[in-house]
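Q: Below you will find the structure I want to go over with you.
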Amino acid sequence: MFDIFKKITTHKIEKSGKIEFLIIGLGNPGKKYENTRHNAGFMAADYIANKCNSEINKIKFKALFCDAVIENKRVLLIKPQTFMNLSGEAVTQFMSFYKIPSEKVIIIFDDISLSLGLLRIRQKGSAGGHNGIKNIIELTGTDNFPRIKLGIGKKPAGWDLANWVTSQMPTEDLKKLQSAIENSYEALKLMVNDKTSEAMNKFNS
């Protein structure tokens, strides 16, 4: 497996107080789907956890998760393990248990309408054809949650869409995706401080 991220050592911040945000990285579980386009959200979640000196390795509500601190805000980083099309099952359970409103649930996921390596932040919106987001909207009953879209590029002619998004990414493409993933962490630091508009102005392409 190609490891695009270097281990990052940071000062560990003591976690205390209420969970303020849920940060959900979308993807499919299992080695078969590692480094595939549809797992950009998983890659971002792992990168962010690493930046927070943590690791997403606990299990709860059909998901892997960890407790982390971003900008002095206590957050949970979550990777649903239900496969993409049922992502909402884990999201709704975490929201209910920790009493987190939708506007403090930040979803990170792949977007074929964005060029590879670009990033786009939205306050809310429709699923836009993304089955993971569609399921989250259906089960939560709202589309009022912020999201960070990671560009994976359009499907080439002759490809089936499902095969394209679940295909392994070449090394050069992974390097380009890393740029968006790194920016997603920088954007999150603004978003958890109620500066989503500032993040949009800075990072939207």
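What follows draws every value from the coordinates through simple rules; no lab data is involved. Only a predicted model underlies this, so the values are computations on that prediction, with no experimental measurement involved. Cβ placement follows ideal geometry from the backbone for every residue including glycine, while neighbour counts extend to all protein chains displayed.
Q: Rank the residues I19, I181, I112 as a footprinting-exposure proxy: fewest other Cβ atoms within 10 Å of their Cβ go first.
A: Listing I19, I181, I112 from fewest to most nearby Cβ atoms yields I19, I112, I181.
Q: Could you go through the range 93-98 in sequence order and give the Karplus-derived ³J(HN,Hα) for each residue, using 6.51 cos²θ - 1.76 cosθ + 1.60 with θ = phi - 60°, rounded to whole Hz, and x for Gly and Pro?
A: Going residue by residue, I get 5, 5, 4, 5, 5, 9 Hz, with x marking Gly and Pro.
Q: E186 to S113: FRET efficiency via 1/(1 + (r/R0)^6), r the Cβ-Cβ distance, R0 30 Å, to the nearest 0.05?
A: Efficiency for this residue pair is about 0.85.
Q: A follow-up question, please. Please go through the residue pairs K99/K154; K60/K189; K51/K155; K58/K154 and name each one whose alpha carbons sit more than 27 Å apart in this structure.
A: Violating the 27 Å Cα-Cα cut-off are K99/K154; K51/K155; K58/K154.
Q: Something else: Considering only DSSP beta bridges whose two residues both sit in the chain, what percent are antiparallel, to the nearest 5?
A: Approximately 55 percent, going by the DSSP bridge assignments.
Q: Rg to Rh ratio, the chain, alpha-carbon atoms and Kirkwood radius?
A: Using Cα coordinates only, the ratio equals 0.93.
Q: If you don't mind, another one. Averaged over all directions, how much area does the convex hull of the C-alpha atoms of the range 119-169 cover when projected, in nm²?
A: Answer in nm², one decimal: 4.1.
Q: Each residue of the range 150-160 in order: what ³J(HN,Hα) in whole Hz does its phi give by Karplus 6.51 cos²θ - 1.76 cosθ + 1.60, θ = phi - 60°, with x for Gly and Pro?
A: Per-residue couplings from phi come out as 10, x, 10, x, 6, 5, x, 4, x, 8, 6 Hz.
Q: List the residues whose amide H sits under 5 Å from the amide H of Q81, counting only those 5 or more places along or on another chain, with H placed 1.01 Å from N in the peptide plane.
A: Amide H neighbours of Q81, under 5 Å, 5+ apart: A63, L64.
Q: Taking 7 Å along the Cα-to-C-beta vector as the label spot, tell me the N163-K195 distance in nanometres, rounded to one decimal.
A: 4.6 nm
Q: Only counting other Cβ atoms within 10 Å, I'd like D143, D67 sorted with the fewest neighbours first.
A: Starting with the residue having the fewest Cβ neighbours, the order is D67, D143.
Q: Give the order of V192, V69, V91 when sorted by the count of other beta carbons within 10 angstrom, beginning with the fewest.
A: Ordered from fewest to most neighbouring Cβ atoms within 10 Å, V192, V69, V91 come out as V69, V192, V91.
Q: While we're here: Just going by the charge dipole of the chain, with Lys and Arg at +1 and Asp and Glu at -1 on Cβ, which of V165, N183, I152 is farthest out on the positive end?
A: So the residue furthest toward the plus end is N183.
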